[in-house]
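Nothing in this text is a laboratory measurement; each read-out follows from the coordinates by a stated rule. All values reported here derive from a predicted model rather than from experimental measurement. We place every Cβ from the backbone using ideal geometry, glycine too, and count neighbours over all the protein chains shown.
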Amino acid sequence: MDAEVQPADPDNMKEQVVIGIENQEENSTYTVDEALVKMGFGKFQACVLAYAGMGWISEAMEMMLLSFVGPAVQSLWGLSAKQESLITTAVFVGMLVGTYSWGIMSDNYGRRKGFLVTAVVTFVAGFLSAFAPNYYFLIIFLSLFGWSWFGRRSCALILVSRVYSCSKQRRLDGYFFSFLECWDSLGGGTCVGMPVIS
């Protein structure tokens, strides 16, 4: 099966996807949205949703842990209140820079590659922050975590929104993205529930 993207039709300004099927005389023409509706919601879409959801669970856990890290590190290393607040600020400054930079990188190299790279950077930065030998290394690792965190979140949201159609299933949009946000709640709830269990 050969797929070919033709330029947008000036009358309806929709991108046309022409799918040529061998051994048939006529070609079927679909818009991208019509092709997604015809494809439906199946295993691939569920896998992408789970793939993105796993990233959101780990991000929610890491963000929730920040509320525990500050007081623990303050008493362990004898930090001032100003230094403790800089721990969380470093993450959000990293997010500010990461939002812009990962948007550009994902536009140039693709959302999937962007998601994979940010997942690795988030893991490495989170892992290294657990073994930070001093306050300055902790700030650097948490800034790196923040830099990759929001890039991964935006890449995941775009990946998920590109694999299902909105046109004929408009009523499902809210439920679909609410389900995606449940991954976030699951991660945060797991992190908060762990001290209760132990």
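How big is the charge dipole of region 43-197 about its Cα centre, in debye rounded to the nearest 20, if each Lys and Arg gets +1 on its Cβ and each Asp and Glu gets -1 on its Cβ? Spell out each step's value before the answer.
Numbers: 11 positive and 7 negative charges, 130 e Å.
Magnitude of the dipole: close to 620 debye.
Would you mind computing, in nm to one decimal, how far apart the modelled labels at VAL97 and THR29 are, each placed 7 Å from Cα along Cα→Cβ?
5.0 nm
What ranking, highest mean first, results for peptides 151-163, 73-85, 95-107 when packing means the other Cβ atoms within 10 Å averaged over each residue? Each step should come with its number before you reach the end.
On the way: 151-163: 20.3, 73-85: 12.8, 95-107: 16.4.
Ranked from most to least packed, the peptides come out as 151-163, 95-107, 73-85.
Using 0.36 nm per residue, how much length does the chain from THR89 to MET54 gain when fully extended, once their Cα-Cα distance is taken away? Intermediate values should be presented prior to the final figure.
Details: separation 35, 0.36 × 35 = 12.60 nm, distance 2.50 nm.
Result: 10.1 nm gained on full extension.
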